[in-house]
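Inspection log for the structure reproduced underneath, given as structure tokens.
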Amino acid sequence: MTGIVPQPGIMDIELYVGGASSIAGREDIVKLSSNENPFGPSPAAIEALRKAAHRMHRYPSTDHASLRQAIGEVHGLRPDLIVCGVGSDEIIYLLCQAYAGPGDEVLYSEHGFSMYKISALSAGATPVVAKERERRVDVDALLAACTEKTRLIFITNPGNPTSTLLSSAELKRLAEGVPDTALLVLDSAYSEFADGYDGGVSVVDAHANAVMMRTFSKAYGLGGMRVGWAYAQRAVIDVLNRVRGPFNLSVPALEAAEAAVHDREFVDKYIAENARLRTWLREALELRGVPSDPAHANFILARFADEEEAAACDAWLKEAGIIVRRVAGYGFPECLRITVGDEASCRRVAHAIGEFKESRA
């Protein structure tokens with residue numbers, strides 16, 4: 001042993017575990033564990049990446065001006081109120097580093113993204129959990145959990161792994177009720193899939209202490225490139241730009257993301273197909289005795305009788321070459337999160353779950 005020790009809170013962090021991507025001895029797998037776009041990235045993004053390969057010896061821009069301009073044009077936002085990060089994960093980390101520390105509290109809902117807790121602990125802050133109600137964010141519970149120590153409040157909307165959506169009225173009530181000494185952070189990674197939801201733009205426009213986060217990992221199929229962004233008012237964006245690394249996004253990532261955000265035909269087609277297959281999959285599993293809530297993301301949360309049945313179904317699916325996500329770590333031991341894949345994948349997983357249920361009848 002040496003006298004070198006990490007900062008308080010670091011050793012309390014449990015390592016993040018992503019969705020599985022392989023099954024020993026199987027090659028014909030269907031991966032439905034990570035909420036990825038089953039159609040991959042836009043052809044325009046692939047072509048932009050190919051061209052960017054010739055400029056990998058050059059440093060990327062430090063201000064991401066071209067990408068921010070593209071995002072602003074597509075979403076009707078001021079580019080100077082946008083900051084880009086290495087996925088939403090880096091934005092979460094930067095917010096905790098900039099606004100929370102020892103003696104401060106970081107609040108999030110019961111089934112929220114595990115990176116909220118990890119990033120809070122890495123900053124030396126205290127994570128605080130507010131209960132959800134029927135797999136939905138509970139505004140009253142969040143407001144009741146706020147204290148004079150609360151510095152950040154994270155909610156995922158639509159939720160992950162729940163796929164449920166907090167209404168605009170509830171978001172407005174939450175934003176108006178949080179302390180003005182705390183930042184409300186709306187993690188809108190799945191907002192493209194929620195019909196009629198602006199991702200939190202209206203909340204940010206109305207409140208100086210609000211932030212909206214988005215990602216290129218889901219609807220745009222760029223999970224492997226790691227590009228995310230945030231929209232907030234000037235003071236917050238200025239702080240985040242001061243603490244982020246100057247070259248945090250690579251040339252290939254910037255070029256691919258810019259091309260992807262401009263290819264509206266591709267992303268709109270995927271969102272429409274996801275909505276169609278999401279409804280089909282929910283109804284197909286419901287007929288097989290596996291319910292789920294109305295979903296607003298690119299996955300559903302399938303509910304089983306208990307933890308034993310969920311674990312047994314997961315094992316059955318693996319035998320069939322299908323990988324879904326166990327979500328006991330998110331408070332749902334009786335559930336499986338299933339990404340909405342392409343039509344063949346949806347039919348394959350529904351058929352396999354049907355066979356599993358029949359085997360136990």
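Positive-end ranking of Ile46, Val324, Tyr93 along the dipole of the chain, with charges on Cβ about the Cα centre, is headed by Ile46.
Modelled this way, with points 7 Å down the Cα-to-C-beta line, the labels at Ala141 and Gln69 are 4.6 nm from one another. Take every Cα pair under 8 Å whose residues are at least 6 apart in sequence, average their separation, divide by the length of the chain, and the relative contact order is 23 percent. Between Glu134 and Asp268, the FRET efficiency estimated from the beta carbon spacing at R0 = 25 angstrom works out to 0.20. Each of Arg151, Arg226, Arg173 was scored by other Cβ atoms within 10 Å of its Cβ. Listed from fewest to most, they are Arg173, Arg226, Arg151.
Estimated from helical segments only, the mean residue ellipticity of the chain at 222 nm is -12000 deg cm²/dmol, where each DSSP H run of four or more residues counts as -39500 (n - 2.57). Counting only Cβ charges, +1 for Lys and Arg and -1 for Asp and Glu, the dipole size of the chain around its Cα centre is about 640 debye. Under the simplified labelling scheme, the Trp280-Val17 pair shows an inter-label distance of 3.2 nm, with each label point 7 Å from Cα along Cα→Cβ. Positive end of the dipole of region 43-263 (Cβ unit charges, origin at the Cα centre): among Tyr59, Gly199, Gly224, the Cα lying farthest that way belongs to Tyr59. Ranking Thr181, Pro8, Thr126 by how far each Cα lies toward the positive end of the dipole of the chain (charges on Cβ) leaves Pro8 at the top. Once the chain from Ser114 to Phe39 is taken as fully extended at 0.36 nm per residue, the excess over their C-alpha distance is 24.3 nm. The residues Ile4, Ile29, Ile322, when put in order of fewest to most other Cβ atoms within 10 Å, stand as Ile4, Ile29, Ile322.
Here Thr215, Thr339 are placed in order of increasing Cβ neighbour count within 10 Å, fewest first, which gives Thr215, Thr339.
Sorting the segments 264-272, 107-115 by their residues' average number of neighbouring beta-carbon atoms within 10 angstrom, most packed first, yields 107-115, 264-272. Note on region 43-263: Kirkwood hydrodynamic radius from all Cα pairs is 17.6 Å, rounded to one decimal.
Quick note: the coordinates plus some simple rules give every number you see, no bench work behind them. Quick caveat, the model's predicted, so the values are computed rather than measured. Note that we place each Cβ from the backbone using ideal geometry, even for glycine, and neighbour counts take in every protein chain shown.
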